[in-house]
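Below is one structure, written out as structure tokens; the observations come after it.
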């Protein structure tokens, strides 16, 4: 099994310890280092079952995102016309990244609207 098998057994303990910024001794021992931040990240990725995307995977994800966003821009945010690109975007990026990029696009659109139109506070319903 090796060190990864032992790490998987201790995931529950590690998750609790990792959340309070403490690297347990067993991580140091199994990883063969002095408890650097890299070993904590390695153990965290093993415990969560997710490995960090490679450079090529990141580039593919960002490219798919950019193509999808460009399609939305050219079609006035009509998602139906960009469905194929949306599926490619979702298949090339981790789910958490897709959520993040969706929120980022909404934020950037809101920011642009504020810059062009300015801020106008909503009408208060119960002014005295």
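The numbers here are math on the coordinates, done by the rules we state, and not lab data. Given the structure is predicted, the values throughout are model-derived calculations rather than measurements. In this analysis, Cβ positions are derived from the backbone assuming ideal geometry, glycine residues included, and neighbour counts consider all displayed protein chains.
Could you tell me whether any residue of region 99-114 is under 18 Å from residue 57 (Cβ atoms) and free of Cβ contacts under 8 Å to residues at least 24 places away in the same chain? Within region 99-114, one or more residues are under 18 Å from residue 57 (Cβ atoms) and free of Cβ contacts under 8 Å to residues at least 24 places away in the same chain. Among the residues of region 105-112, some residue qualifies, meaning at least one is surrounded by 10 or more Cβ atoms within 10 Å (Cβ to Cβ), assigned to a helix (DSSP H, G or I) and in contact with a helix residue (DSSP H, G or I) (Cβ under 8 Å, 6 or more places away or on another chain).
For region 88-104, the set of residues classified as surrounded by 15 or more Cβ atoms within 10 Å (Cβ to Cβ) and under 15 Å from residue 77 (Cβ atoms) consists of 89, 101, listed by residue number.
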